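Working notes, structure below.
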Amino acid sequence: MRWSWRALGIAALVLVAVSATAWAGDEIDIDRWHQELADALGEEPEEASRGPSLGLYPNVGGGVGPPNWVSLQANAYISFTDGEKFSIYGGYGIERGPQADAQIITLGWGGVRRIPVASKQLGFHGKFLRYRRWDDEDHGIHHGLSFGTEQGVGIGALSFEIGAARSERNHWLVTLQAALKFALPVYIPLTKKTTPPPET
């Protein structure tokens with residue numbers, strides 16, 4: 001029995017020594033491997049530059065959160081973007097709900113970011129500041145401001161905002177809302193040429 005344990009121990013040591021010797025002369029150079037892989041795949045195609053543009057963004061959707069808890073919305077934005085990093089947009093909208101109706105003026109700004117496996121943004125999304133004129137059924141007209149952010153891809157967008165409004169009778173409404181919107185964005189280029197991607 002003692003010899004069998006010794007034989008197993010010696011076999012294990014021999015196996016480890018042989019494996020270590022085999023691996024010692026065959027180390028992998030990670031940097032060289034990445035370079036060879038990049039050479040085999042070729043360069044990634046560059047994305048076409050859109051250049052400066054205007055955009056139209058009519059949208060409809062619904063929101064949840066006070067003061068209405070459930071509401072329907074419609075907005076129309078116009079935007080300007082340099083096509084690379086910057087955009088500014090503004091527009092007018094309405095909101096209808098069981099407690100209060102609102103007229104909305106929006107001023108927004110943001111970036112034009114490339115999102116993996118998604119269409120490039122056209123300048124309609126980012127942070128925004130809103131003026132709201134609420135017509136509350138119980139307490140009359142309120143004037144207020146809200147601040148939020150909106151993110152979107154393609155025809156869909158999701159926004160979050162928080163704010164408050166005050167009436168002439170010193171009654172306050174709180175706005176704390178999440179909204180889902182759908183739109184058909186229109187892209188209007190301001191330059192005749194864009195930089196096409198290189199041919200492969």
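The values are calculated or read from the model by the stated rules, or taken from the named source; none is laboratory data. The model shown is predicted, which means the values in this text are computed figures rather than measured ones. For neighbour counting, all protein chains shown are included, and Cβ atoms are generated from backbone atoms with ideal geometry for every residue, glycine included.
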Verdict on Tyr57 being at pLDDT below 95 and in the same structural domain as Ser159 (by TED's automatic domain parsing)
yes
Residue count, region 124-140, condition within 14 Å of His171 (Cα to Cα) and either touching a Leu at 6+ places or on another chain (Cβ under 7 Å) or surrounded by 14 or more Cβ atoms within 10 Å (Cβ to Cβ) (or both), comes to 4
Filter region 57-102 for residues that are among the acidic types (Asp, Glu) and not in a strand (DSSP E or B); the one that is farthest from Glu137 (Cα to Cα) is Glu84
Could you pull out the residue among Leu180, Leu190 that is modelled with pLDDT of 95 or more and touching a strand residue (DSSP E or B) at 6+ places or on another chain (Cβ under 9 Å)?
Leu180
Those residues of region 152-184 that are touching a Pro at 6+ places or on another chain (Cβ under 9 Å) and part of a strand (DSSP E or B) come to a total of 8
Every residue from region 112-151 that is acidic (Asp, Glu), in a loop (DSSP other than H, G, I, E, B) and either in contact with a Lys or Arg (Cβ under 6 Å, 6 or more places away or on another chain) or modelled with pLDDT of 90 or more (or both):
none
Residue in region 80-95 that is surrounded by 15 or more Cβ atoms within 10 Å (Cβ to Cβ), touching an Asp or Glu at 6+ places or on another chain (Cβ under 8 Å) and in the same structural domain as Trp172 (by TED's automatic domain parsing) present
yes
